[in-house]
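The values are calculated or read from the model by the stated rules, or taken from the named source; none is laboratory data. Everything quoted here is computed from the prediction, not taken from an experiment. In this analysis, Cβ positions are derived from the backbone assuming ideal geometry, glycine residues included, and neighbour counts consider all displayed protein chains.
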2 protein chains.
Amino acid sequence: MSGFPPSPPQQVNLSNWQQPASLRWSFRHMREVIPTHPIVAGGAVRPLPARERDLGDIPVSLADGPSTVAKVLDTTYTDGLLVLHDGVVVTERYFEGMAPSTRHLVMSVSKSIVGCVAGVLVEGGQLDPGAPVTAYVPEVAGSGYDGARVRDVLDMRTGVAFSEAYTSEDSEVRVMERSMGWAPRRPDDPCGAYAYLTTLRTEGPHGAGFVYRSCDTDMLGWMCERAAGRRMADLVSTHIWQPMGAEFDGDITCDSVGTAVHDGGISTTLRDLARFGQLLLDDGRSGERQVVPAAWLADAYTPTPDVREAFARTDNEPMLPGGWYRDQFWFFHPESGPVLLCLGIHGQLVFVDRGTRTVVVKQSSWPDAQNADHLAATLRACLAIAATLASGRSGRTRARRGARRRR
Amino acid sequence: MSGFPPSPPQQVNLSNWQQPASLRWSFRHMREVIPTHPIVAGGAVRPLPARERDLGDIPVSLADGPSTVAKVLDTTYTDGLLVLHDGVVVTERYFEGMAPSTRHLVMSVSKSIVGCVAGVLVEGGQLDPGAPVTAYVPEVAGSGYDGARVRDVLDMRTGVAFSEAYTSEDSEVRVMERSMGWAPRRPDDPCGAYAYLTTLRTEGPHGAGFVYRSCDTDMLGWMCERAAGRRMADLVSTHIWQPMGAEFDGDITCDSVGTAVHDGGISTTLRDLARFGQLLLDDGRSGERQVVPAAWLADAYTPTPDVREAFARTDNEPMLPGGWYRDQFWFFHPESGPVLLCLGIHGQLVFVDRGTRTVVVKQSSWPDAQNADHLAATLRACLAIAATLASGRSGRTRARRGARRRR
């Protein structure tokens, strides 16, 4: 998108912004492609104290051989990386023109933010996980969501038929995208995300298997808005962004009838994404303030057997061994203890390891929506960083020795 | 736009946002309807000291009888009003839910902001008013702009055929709106503002009569972007918004190829609009900083005879007696001395009276795009406010006496 106007091959628009050649630009300029609601910061900013270290040389063992953190960052289209250890910034790096003030689309990391809003509303008695979806949104009576409970939606265990196949133009996720303004709407597409949700059908019972479905988060967002009587951008601002001490406004794309894309529409700076990760590490607290209920996060961290079993049966198990999906968070369980993840396609990540008190946030522009090699390499790099920081073998020491040698 | 989703009659979208029932909402939520470029503030904020007075009782003589400032505000769909006298806020009022942080579309007041960017570029030697348009934008060779000079564009004295008839769906201004993303594009409409400009034709010689044409400002914006190698949102941010001490980011709508709508797409808070007005009052200075070249504004304030004559022949003369149009500013000349105006449809106004050191900014939602009665009443109210402030007959004195009586 350089030139006035950009030459046609360089133009990024509603039809091509998700194509590989456009991603790096479009992820940083969502409000210029799609209408957005602002997520207003505006509260006291939480400081991010820093003691920077060079983590690039940390060895990472990949399936195809030994590597390093620096190499993993280089091969996984990294736009920004921030590592916090014990609440202190260890590394804050920007690539390819990213800057601390750049908002970057976080895709399905948005789901975890919306999930935290739901947690606040549950704590406040406005949303009941045991209630039927139709108690909040009667419009979905008769649709695939009829009979589902809020809990099923939170854990993506509805029986709704929905294909998350990004490579097929006719999969549900692509029709939903067109309905919610992420691509030009075709004449037969529903107008707006909520209109789309009412068209869904079931393919199995509610409350059984875990199937990752973006539509469930949009259903959750709809219930939150109805329960609170406020739109999602304002709920995130009031309940998460301001109390956690966000430094910058975020935003969330909205469709042609003003509905936010709850399942993936949030753009935020790397630093505010790191504050969100630290909030999750600290039992939902930011400073003295309890932002996300501690009990809500504790519940997510301690899955009931059926939550674990629902996950173990899926093809996510090899990538996230011992894992589960709860309250819009992913978990996996390496030897060192449970790790919470927020994940978005094309390489968006929040890695929260309470055992080592490590938070890693990464914004990326993988050309593919999903890429098992990139995700595996990223997770191994995160684990290697966490282990190094926990062991006290800091890159800083190495960097200082190196600096001394160079003098 | 209340409800999740809003009921269809309440929905505001790209097709209906300019209809009377939508205006009050849409003017405050442009980024939620149309993609936007941010105009980043981010510099030191210029304080706005305040000594508030009640100006509502000031008599205003209208064509149909005596009125008051309060009544004029009430009958002209006022969303916000801020009056500065000698740089001090005399009145800052918000209506119908507006707030100090609300960005409100300023429509063609945008033109004057773009004009100031042009002034900065002229001062810096990047843009030459005497140069042909095609020196900066060769793409318009062979179009209506061929042979026009930058000066003709600055003063809207090109010979380009362009109808500003907002009430006709087929007028040039409406086709241009569809091309630049302000309404759904039809199959035959050009894609983007710049593509549209290349389709225009002439109806007369360049450099002759004044005809208010929005397209000329878009042509000016295109030349500015080419001359500076930067897009308009960034030019406004760097050259106007930050140095004048803006408090809030503004934004400007952009079309499907990322071109800003130079002629009317800027949204700003009332307070930053007031800072812009004060800048124009103070010969382009904000504090110690010369933001807009003083010589540029001085030139606009002292029209050559042909500039005045070009205006006197138009039907603008009765509304703006003694007036002229120069460098994207309107002027008129009441007995008290020349008054600079920035005007936007539906009641957007910056009134700058150097004689009384008064700035009045008003954001409104007139149901009609153009309304001579509303504009006449607003201008008379501004003149009455300015005369009262200059005379020292302050509303504050009256308000205090009233307050004492009420005690």
Among (1) at positive phi; (2) within 14 Å of another protein chain (Cβ to nearest Cβ), there is one condition A:TYR77 misses while meeting the rest; what is its number? (2)
Count of residues meeting criterion [in a helix (DSSP H, G or I) and among the hydrophobic types (A, V, I, L, M, F, W, C)] in the stretch B:88-143: 12
Limited to the stretch A:321-340, what total is found for residues that are touching a residue at least 12 places away in the same chain (Cβ under 8 Å) and either out of contact with any helix residue (DSSP H, G or I) (no Cβ under 9 Å at 6 or more places or on another chain) or farther than 14 Å from A:MET156 by Cβ (or both)? 10
Looking only at the stretch A:203-235, and only at residues there that are more than 14 Å from chain B (Cβ to nearest Cβ) and of a type in the set (Gly, Ala, Ser), the one that is surrounded by the most Cβ atoms within 10 Å (Cβ to Cβ): A:SER214
For a quick check of your reading: which helices (runs of 4 or more DSSP H) sit entirely within the stretch A:303-407 and have at least 2 residues that are of a type in the set (Val, Ile, Thr), at pLDDT 95 or above and surrounded by 21 or more Cβ atoms within 10 Å (Cβ to Cβ)? A:372-391
All-but-one check, A:ASN16 against (1) under 29 Å from A:MET180 (Cα atoms); (2) away from chain B (no Cβ under 12 Å), failing number (2)
Could you count how many residues in the stretch A:240-255 are buried (at least 23 other Cβ atoms within 10 Å of the Cβ) and over 29 Å from A:ASP306 (Cβ atoms)? 9
Confirm whether B:ARG157 is part of a loop (DSSP other than H, G, I, E, B), touching a residue at least 12 places away in the same chain (Cβ under 8 Å) and of a type in the set (Lys, Arg). yes
Only one residue in A:LEU81, A:LEU105 is crowded, with 23+ Cβ neighbours inside 10 Å and touching a Lys or Arg at 6+ places or on another chain (Cβ under 6 Å), so which one is that? A:LEU81
Single condition A:ALA63 does not satisfy, out of (1) modelled with pLDDT under 95; (2) within 20 Å of A:GLN363 (Cβ to Cβ): (2)
Pairs, please: C-beta under 6 Å, at least 6 apart or cross-chain, first residue among the basic types (Lys, Arg) and in the stretch A:102-123, second at pLDDT 95 or above and surrounded by fewer than 24 Cβ atoms within 10 Å (Cβ to Cβ)? none
Does B:PRO9 satisfy being within 14 Å of chain A (Cβ to nearest Cβ), surrounded by fewer than 14 Cβ atoms within 10 Å (Cβ to Cβ) and not in a strand (DSSP E or B)? yes
So which of A:THR238, A:THR269, A:THR198, A:THR259 ends up being away from chain B (no Cβ under 14 Å) and hydroxyl-bearing (Ser, Thr, Tyr)? A:THR238
Yes or no: the stretch A:131-139 includes at least one residue that is closer than 30 Å to A:TYR196 by Cα, more than 16 Å from the chain's Cα centre (by Cα) and crowded, with 24+ Cβ neighbours inside 10 Å. yes
Would you check if there is a residue in the stretch A:29-50 being more than 14 Å from every other protein chain (Cβ to nearest Cβ) and among the acidic types (Asp, Glu)? no
Could you tell me which residue of the stretch A:19-28 is farthest from the other protein chains (Cβ to nearest Cβ), considering only residues that are out of contact with any His (no Cβ under 7 Å at 6 or more places or on another chain) and not in a loop (DSSP other than H, G, I, E, B)? A:PRO20
Restricting the stretch B:283-293 to residues that are touching a helix residue (DSSP H, G or I) at 6+ places or on another chain (Cβ under 9 Å) and in a loop (DSSP other than H, G, I, E, B), the one farthest from B:GLY115 (Cα to Cα) turns out to be B:ASP283
Is it true that some residue in the stretch B:236-247 is farther than 26 Å from B:GLY284 by Cα, in contact (Cβ under 8 Å) with a residue 40 or more places away in the chain and among the hydrophobic types (A, V, I, L, M, F, W, C)? no
Determine, yes or no, whether B:GLY142 is modelled with pLDDT of 95 or more and at positive phi. yes
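Each row is one residue, and each column tells you yes or no for (1) surrounded by 20 or more Cβ atoms within 10 Å (Cβ to Cβ); (2) touching a Lys or Arg at 6+ places or on another chain (Cβ under 7 Å); (3) polar (S, T, N, Q).
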position: A:PHE27; (1), (2), (3): yes, no, no
position: A:GLY42; (1), (2), (3): no, no, no
position: A:PRO47; (1), (2), (3): no, no, no
position: A:GLU52; (1), (2), (3): no, no, no
position: A:ALA70; (1), (2), (3): no, no, no
position: A:VAL88; (1), (2), (3): no, yes, no
